[in-house]
Amino acid sequence: MTRVRVLVVEDSVTVRRHLCAVLGSDPDIEVVAEAGDGKQAIHLCQTVRPDVVTMDMMLPVMSGLGATEYIMAHCPTPILIVSASMNRGEVFKTYEALAAGAIEVLEKANGEEPAGEWERRLAATVKLVSRVRTVTHVRARLGALGQSHRASKPWPVMHSPGRRQGQVVAIGASTGGPGAILEILRALPRDFALPLLLVLHINEPFAAAFAEWLDGQTAFRVFYAVDGQLVSATCGRVTMAPPDSHLVVRSGRLRLTREPERHSCRPSVDVLFESLATEYGSSATACLLTGMGRDGAAGLLDIRRAGGLTIAQDETTSVVYGMPREAVLLGAVERVLPLGEIASSLAAVADSARSDEG
């Protein structure tokens, strides 16, 4: 069996030696190189061609973010961010690295974990990340952070019998989701007036400030959901499920629950989508983006059966064609779209709803 070849990037010699020792002790993993700064990481990635890069964010010479952006644009390689979550600036850089194409994030060991637990998680996550297909990431196509491209021809909204026009839009995503969500939000028109609900799988404790970061990256205000808030009060903004709580809609209000995990996830995309199928029926629009596993597929099917519009990201533009694929196999998807065409399709829903109101 071929071992997973890993490049370890970490400026602390002590931490780097520990990472190398942990990974090197796993029979399925081989540490092929190590780097202490971002510039060296790029050089080694290009020459050694590892299967996975473990990347610290705070590095000398060139930051982990800068190295991630370059690697994903010029020599795409699965990147696992191994970073601290205490410093707000470092957490925000972690979000930007995920948006730039890094696959997953793992918090550095804090010494409070049971013996061997963090080390086992590190090895398991490296193996998982190694199976992800990488492509030249969207930021390389977009150019500088903050630019985007609109689809040239929006999808029309079909006026099928029994379908009311959109009242709410929901998006679910997992691995690769930060970059995909960012591209969609930047491509939506500023007058997009429907409530937009979002569930994103992101490892704790890094999830806590994601809404704040996303709020600063687009023209839309982004907030974590507040239990009991009227959905109608969230029109024209993005409302995220907070960490470790399911987000649902009941009787026109947002509700947060601590019900059991679904597909090992809380928040779960399925839980949100199922509630929208019940609450809104044919006036719900839902979109399932890149991600591992199958969360969201069954809920998307519920929305389609209720007459709502269902969209899934296509395989070519997905970092991981897992969740969208499961939805397609279930027959839950009305439209399979490349990432660059999703925003225009959602905008068409909002425009149609506005026309109906007029």
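The values are calculated or read from the model by the stated rules, or taken from the named source; none is laboratory data. All figures in this text were calculated on a predicted structure; none of them were measured in a lab. Quick reminder, even Gly has a Cβ in these numbers, built from the backbone with ideal geometry, and neighbours come from all protein chains shown.
Yes/no matrix, rows are residues, columns are (1) of a type in the set (A, V, I, L, M, F, W, C); (2) at pLDDT 95 or above; (3) touching a strand residue (DSSP E or B) at 6+ places or on another chain (Cβ under 9 Å):
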{"site": "TYR280", "(1), (2), (3)": "no, yes, yes"}
{"site": "THR285", "(1), (2), (3)": "no, yes, yes"}
{"site": "ARG304", "(1), (2), (3)": "no, yes, yes"}
{"site": "PRO324", "(1), (2), (3)": "no, yes, yes"}
{"site": "ALA332", "(1), (2), (3)": "yes, yes, yes"}
{"site": "PRO338", "(1), (2), (3)": "no, yes, yes"}
{"site": "ALA348", "(1), (2), (3)": "yes, no, no"}
{"site": "ASP356", "(1), (2), (3)": "no, no, no"}
Exactly one condition in (1) assigned to a strand (DSSP E or B); (2) free of Cβ contacts under 8 Å to residues at least 24 places away in the same chain; (3) farther than 17 Å from ILE181 by Cβ is not met by ALA233; state its number.
(1)
List the strands (runs of 3 or more DSSP E) that sit entirely inside the range 94-206 and contain at least 1 residues that are surrounded by fewer than 21 Cβ atoms within 10 Å (Cβ to Cβ) and either at pLDDT 90 or above or not assigned by TED's automatic domain parsing to the domain that holds LEU247 (or both).
104-107
Taking the range 82-125 and keeping residues among the β-branched types (Val, Ile, Thr) and over 17 Å from SER174 (Cα atoms) leaves VAL82, VAL91
